[in-house]
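Undergrad: Pasting in a structure now, in structure tokens, and then I'll have a few things to ask.
The values are calculated or read from the model by the stated rules, or taken from the named source; none is laboratory data. As the structure is a prediction and not an experimental result, all values here were calculated from the model. Every residue, glycine among them, receives a Cβ derived from its backbone with ideal geometry; neighbour counts consider all protein chains shown. Each accessible area value is taken on the protein alone, full model and side chains, heavy atoms only, with ligands, DNA and RNA left out. Shrake-Rupley method; radii C 1.70, N 1.55, O 1.52, S 1.80 Å.
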Amino acid sequence: MLTPREIIAKSWAVTTTETQLKRWGFFGSFFEILLDVKLLVYQIYFIYSYFKGEGGGLFDIEIMLYNAIPFWLFVTLVSGFILLLIIELFVPSFADGAIIGLTAKAHGKEKVQGGFVLAIYNFFPILAVHEVFIFSSFSIFVTAISVILRYGGGFKGMMIVVATIVWLISNVIKFFSSFTESGVVVEKLGIFAAGAKSVKLIMSYMPHVMFLAMLLFVISIRIFINTLVIVLVPLAMLGIGLGLTYIFQPIVSYSIAGFIGLILTMVAAYFFTYLHVFKQAVWTIMYMELIKEKEMDKIG
């Protein structure tokens, strides 16, 4: 089995040299960040309205657009928004199937091709895995807190505590299931079989492989940077939009702010491409190395 240092080195080499992986990584990261930014833009507005005592409604932004622009443009924007939302929900799962499969091929000295087929074949299992751990997402956590603040009534404090506990537990379970996606793609295991094997592998090798501690450190950095960026992008968009209202009409100002936000999202996605692909490569290569070893509960 490769040493932890060798796994890290090989994962980074695969990340930086395989063009196909970088393309799929950018494809998935862009739409994932775009979805997080949109969720947080809404939640920032709702929280702002809450503390002002106005109690913002769910469709306030849409109503503002309806009153500010021609009807045909409003319908076009809303239709495009809904279509883009559907794409954002499914693309990250689509891309991860390709990233894991191509990484496995690169590690196995196979030709790194067939990303689209890998993405399609593994899409539904990977999507199911992502949906199981949806409550581990920071943007979903913020959304839950926002909903509780607006509609929680006298149980707000207790419900926020429950939401926080659920979020923390989801992240712990997600860590122990880190090999699930690799098991689905590499060995074509079912979701529950892959999840059980992931828990078994991590519990079996955690005391012996210092790499896990290093991996946790890398993941923590990624999560921190990701959280910082997806919070800063909507704040920058809102700040620019409000500032431009002193010069242009509101609809023009917010359009410019949206365009700048899109550019910022693309820049962020470019950097997250390496972090996302590297994380997937580390788990995939380590999984392929561990399954070569004899399982801890096997005797003889």
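Undergrad: Could you tell me whether Leu201 is assigned to a helix (DSSP H, G or I) and open to solvent by less than 40 Å² (accessible area, probe 1.4 Å)?
TA: yes
Undergrad: Oh, and also: Hey, which of the helices (runs of 4 or more DSSP H) in region 1-111, taking only ones fully inside, have at least 2 residues that are modelled with pLDDT of 85 or more?
TA: Output list reads 4-17, 19-51, 71-107.
Undergrad: For region 113-151, which positions are open to solvent by less than 60 Å² (accessible area, probe 1.4 Å) and outside any helix (DSSP H, G or I)?
TA: Gly114, Asn122, Phe133, Ser137, listed by residue number.
Undergrad: Please go through region 152-188 and give me each residue that is in a helix (DSSP H, G or I), under 23 Å from Asp36 (Cα atoms) and of a type outside the set (A, V, I, L, M, F, W, C), ordered by number.
TA: Within region 152-188, Thr164, Ser170, Asn171, Lys174, Glu181 qualify.
Undergrad: Kindly evaluate Lys174 against the criterion of being within 15 Å of the chain's Cα centre (by Cα) and either open to solvent by 50 Å² or more (accessible area, probe 1.4 Å) or of a type in the set (A, V, I, L, M, F, W, C) (or both).
TA: Yes: the conditions hold for Lys174.
Undergrad: Filter region 109-132 down to residues that are among the β-branched types (Val, Ile, Thr), in contact with a Ser or Thr (Cβ under 9 Å, 6 or more places away or on another chain) and over 17 Å from Gln280 (Cβ atoms), then give me how many there are. Give the derivation first.
TA: Let us first name the residues in region 109-132 that are among the β-branched types (Val, Ile, Thr), namely 112, 117, 120, 126, 129, 132.
Remaining after also requiring in contact with a Ser or Thr (Cβ under 9 Å, 6 or more places away or on another chain): 112, 126, 129, 132.
Imposing the further condition that a residue be over 17 Å from Gln280 (Cβ atoms) reduces the set to 132.
So the count comes out to 1.
Undergrad: Do we find a residue being farther than 30 Å from Ile99 by Cα and modelled with pLDDT of 90 or more anywhere in region 165-183?
TA: yes
Undergrad: Six or more apart or on different chains, Cβ under 7 Å: which pairs go from a residue in region 132-154 that's at negative phi to one that's open to solvent by 40 Å² or more (accessible area, probe 1.4 Å) and charged (D, E, K, R)? Could you list them?
TA: Short answer, once both residue conditions are applied: Phe133/Lys174; Ser136/Lys174; Ile148/Lys156; Leu149/Lys156.
Undergrad: Which of the residues that make up region 247-292 are at pLDDT 80 or above and either more than 19 Å from the chain's Cα centre (by Cα) or not in a helix (DSSP H, G or I) (or both)?
TA: Ile285, Met286, Tyr287, Met288, Glu289, Leu290, Ile291, Lys292
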